[in-house]
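See below for the structure under consideration.
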Amino acid sequence: MDHPLQCDCGTLRGHVAETHKATRALCYCKDCQAYANALGKAGVLDTYGGTSIVATPPRYVRLTDGLDQLACLSLSPKGLLRWYARCCDTPIANTPRNPKVPYVGLVDRCLVHGEPSLEASFGPIRAVLQTASARGHVAGTPLRNGVAILRLVRTMIVAKLTGAHRPTPFFDEAGEPVIAPAVLSKEERERATRGE
């Protein structure tokens, strides 16, 4: 079953295939919070600053419309690549800088909520990560996190062995990002981290 994705204004569209291979998580890290703030999309975050992520191999992500609106930023020169739709600043995904790592973390804001539901497509939230950075008390789930991480690592190993890091909508054939990332300055990152 495929699950549709689109930016807030509907210009950038696509879908996620093989949804049963994805893992859902909530991440409370400062970088995910800064990413939302940098885009002016603090509403992506839950009450305690968490971002809901769907992790999957990149070959299952297909962008079909509005590709000219895909943009990229990075919080630091070596940080993750943070993809978004420039038309409405909707966060789309996080990827490692190395295209050979078969991972993309889709921000659930870009996944169409409705029928099918996120839970029907991707299953329940299996991990709650980086709770020390939450803006309030969020209970950790060490056992569930361990199981979820093992599940994700297994999926990534299989993806690596079978070449599921390609095709990817985020990197070209030479392994370069399809859009050069805009790297935030130290001052810009500090402002985003503070939510300014």
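The values are calculated or read from the model by the stated rules, or taken from the named source; none is laboratory data. It should be emphasised that the depicted structure is a prediction, and the values quoted were computed from it without experimental measurement. Cβ coordinates were reconstructed from backbone atoms using ideal geometry, including for glycine residues, and neighbour counts include every protein chain displayed.
Can you confirm whether Gly50 is of a type outside the set (A, V, I, L, M), more than 15 Å from the chain's Cα centre (by Cα) and under 24 Å from Ser121 (Cα atoms)?
no
Which ones in the stretch 3-21 are under 15 Å from the mean Cα position of the chain (by Cα) and among the β-branched types (Val, Ile, Thr)?
Answer for the stretch 3-21, where residues must be under 15 Å from the mean Cα position of the chain (by Cα) and among the β-branched types (Val, Ile, Thr): Val16, Thr19.
How many of the residues in the stretch 127-163 are surrounded by fewer than 16 Cβ atoms within 10 Å (Cβ to Cβ), hydrophobic (A, V, I, L, M, F, W, C) and under 30 Å from Glu173 (Cβ atoms)?
Going through the stretch 127-163 one residue at a time, the tally reaches 4.
Tell me which residues, restricted to the stretch 45-84, are surrounded by fewer than 22 Cβ atoms within 10 Å (Cβ to Cβ), touching a residue at least 60 places away in the same chain (Cβ under 8 Å) and within 13 Å of Arg109 (Cα to Cα).
Ser52 - this is the single residue of the stretch 45-84 that is surrounded by fewer than 22 Cβ atoms within 10 Å (Cβ to Cβ), touching a residue at least 60 places away in the same chain (Cβ under 8 Å) and within 13 Å of Arg109 (Cα to Cα).
Residues in the stretch 1-23 that are assigned to a helix (DSSP H, G or I) and among the charged types (D, E, K, R): how many?
1
Considering Glu190, Glu173, which residue is at pLDDT 90 or above and outside any loop (DSSP other than H, G, I, E, B)?
Answer to the check: Glu190.
Could you please find all residues in the stretch 24-46 being assigned to a helix (DSSP H, G or I) and either under 20 Å from Gly146 (Cβ atoms) or of a type in the set (Gly, Ala, Ser) (or both)?
Ala34, Ala36, Ala38, Ala42, Gly43
Report the residue count in the stretch 111-137 for those that are assigned to a loop (DSSP other than H, G, I, E, B) and basic (Lys, Arg).
Final tally of qualifying residues: 1.
Ala148 - would you say it is under 17 Å from the mean Cα position of the chain (by Cα), assigned to a helix (DSSP H, G or I), at pLDDT below 95 and closer than 24 Å to Leu45 by Cβ?
Here the answer is yes, as Ala148 does meet what is asked.
Output the residues belonging to the stretch 83-110 that are within 9 Å of the chain's Cα centre (by Cα), part of a strand (DSSP E or B) and of a type outside the set (Val, Ile, Thr).
The answer is Trp83, Pro91, Ala93, Asn94, Gly105, Leu106.
Before we move on, is Arg154 out of contact with any strand residue (DSSP E or B) (no Cβ under 7 Å at 6 or more places or on another chain) and over 20 Å from Thr19 (Cα atoms)?
No, not satisfied.
Search the stretch 169-186 for residues that are at positive phi and pair each with any residue that is outside any strand (DSSP E or B) and surrounded by 13 or more Cβ atoms within 10 Å (Cβ to Cβ) when their beta-carbon atoms are under 6 Å apart and the residues are at least 6 apart or on different chains.
Gly175/Pro99
Do you know which of the residues in the stretch 93-118 that are β-branched (Val, Ile, Thr) and more than 16 Å from Ala34 (Cβ to Cβ) is surrounded by the fewest Cβ atoms within 10 Å (Cβ to Cβ)?
Val101
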